[in-house]
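The values are calculated or read from the model by the stated rules, or taken from the named source; none is laboratory data. Nothing here was measured: the structure is a model prediction, and the numbers come from that model. In this analysis, Cβ positions are derived from the backbone assuming ideal geometry, glycine residues included, and neighbour counts consider all displayed protein chains. Just the protein is used for accessible areas: all its heavy atoms, side chains included, with ligands, DNA and RNA removed. Shrake-Rupley method; radii C 1.70, N 1.55, O 1.52, S 1.80 Å.
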Amino acid sequence: GDKVIPIPLPHCGECSFCLNPESNYCLKCHLSESQSLLPDKTSRFTCKGKQIHHFLWVSTFAEYTVIPEYVVAKIDAAAPLDKVCLLGCGFSTGYGAAINTAKVKPGSTCAIFGVGGVGLSVVMGCKAAGASRIIAVDINKDKLAKAKELGATDCISPRDFKKPIQEVLTEMTGHGVDYSFEVIGHADTMIAALASCNMNTGICVMVGELPSGSMLSIDPMLLLSGRTWKGTLLGGWKMRESMTKLVSSYLEKKFNSDLLITHTLPIAQVNDGFELLRAGK
């Protein structure tokens, strides 16, 4: 009868990563251990007698699922599940990238490349951290109004300029932004985000996921001058511990993740949802 949120990043509580207070990784994570089968190497799903694989031990498109105990977090019974489900991955990843991974300081300048659901959550995180200037960058101008509503101070589209977007951002801010976030998952925008932050003290956080096996080619001078380039997994939260606090913050209206919801569809229309996603809507 407990209300729970399944989480895509395990927390076994026993491995060296789980025992490190500064880490939110777990050796049972999908980057270390395949999660298409359960830990006992079985699948509990079949369709017409054929085996179906699990997805990250979460499999949220199933009405019933079997998951390891360490990938589920109990939450406040008062929480509306159709709203706080966003805290299971998308919102927490973006919000935490700003708060936990970048540790955005008050009065700083930030640039967010890509303002879909996760990028907008980064915008909210930067605002909550007290950033004075938040620049939203997206080629889909339909998304920029929402970014402004959630805290972006400037909104720009790379298609409006003849020069590389990192040069535009550097000119807008003097010496580049203090923090930049790539929330798309493209090699060219990863490099642009890195180049757009301050050459000495700038911090660039990789939130977007590149296709498996991708390679990035960068000018080493971008890092030699002092920039920091880091990745983030699920926004740096130790999810089983943090989920309760995140849900409490939601209920206390410390942030309004409901603003990220554009459509609510029944599970039978899940493929329509993916089409809206691909169309940038």
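A few notes on this one:
- On a per residue basis, the chain carries 53 Å² of accessible surface, using protein heavy atoms and a 1.4 Å probe.
- Shape category assigned to region 97-233 from the gyration tensor of Cα positions, a/c cut at 1.5: rounded
- Based on Cα atoms of the chain, Rg over Rh with Rh as the Kirkwood radius reads 0.98.
- Each of Leu265, Leu223, Val123 was placed along the dipole of the chain (beta-carbon charges, centred on the mean Cα), and the one lying farthest toward the positive end is Leu265.
- Take each peptide in 179-186, 7-14, count the other Cβ atoms within 10 Å of every residue, and average; sorted highest first, the result is 179-186, 7-14.
- Residue ranges 237-246, 78-87, 95-104 sort as 95-104, 237-246, 78-87 when ordered by packing (mean number of other C-beta atoms within 10 Å per residue, highest first).
- In a reduced charge model with +1 at each Lys and Arg Cβ and -1 at each Asp and Glu Cβ, region 97-233 shows a dipole moment near 280 debye about its Cα centre.
- Farthest toward positive dipole pole in the chain [+1 Lys/Arg, -1 Asp/Glu at C-beta], among Ser16, Gly151, Val168: Gly151
- Paramagnetic label zone (point 7 Å from Cα along Cα-to-C-beta, Ser34; backbone N under 14 Å) in region 55-78: 55-57
- Distribution of pairwise C-alpha distances over region 105-152, 5 Å bins, in %: 6, 28, 37, 20, 8, 2
- Amide H within-cut-off set for Gly231, under 5 Å, with H built and near neighbours excluded: Met206
- Of all beta bridges that DSSP places with both ends in the chain, some 20 percent have antiparallel geometry.
- Taking Cβ atoms as reference points and 12 Å as the exclusive limit, the residues near Ala111 contribute a net charge of -3, counting Lys and Arg as +1 and Asp and Glu as -1.
- Charged side chains reduced to their Cβ positions (Lys and Arg at +1, Asp and Glu at -1) give the chain a dipole of some 160 debye around its Cα centre.
- Candidates Asp40, Asp178, Asp154, ranked by Gaussian network fluctuation over the chain, Cα under 10 Å, top entry: Asp40
- Remark: the Ala145-Tyr64 segment gains 25.4 nm on full extension, using 0.36 nm per residue and subtracting the alpha carbon distance.
- Distance from region 157-212 to region 103-135 (C-alpha centre basis), Å: 13
- nm² value of the averaged projected area, convex hull over the Cα atoms of region 1-90: 7.1
- Backbone phi angles across region 186-196, fed through the Karplus curve with coefficients 6.51, -1.76 and 1.60 (θ = phi - 60°), yield HN-Hα couplings of 10, 4, 5, 6, 4, 5, 4, 5, 5, 6, 8 Hz in residue order; Gly and Pro are listed as x.
- Taking Lys48, Lys253, Lys105 as the candidate residues, the one with maximal mean-square fluctuation in a Gaussian network model of the chain, Cα springs under 10 Å, is Lys48.
- Those lysines that a straight Cα-Cα span of less than 21 Å connects to Lys281, excepting residues fewer than 8 apart in one chain: Lys83, Lys141, Lys143, Lys146, Lys148
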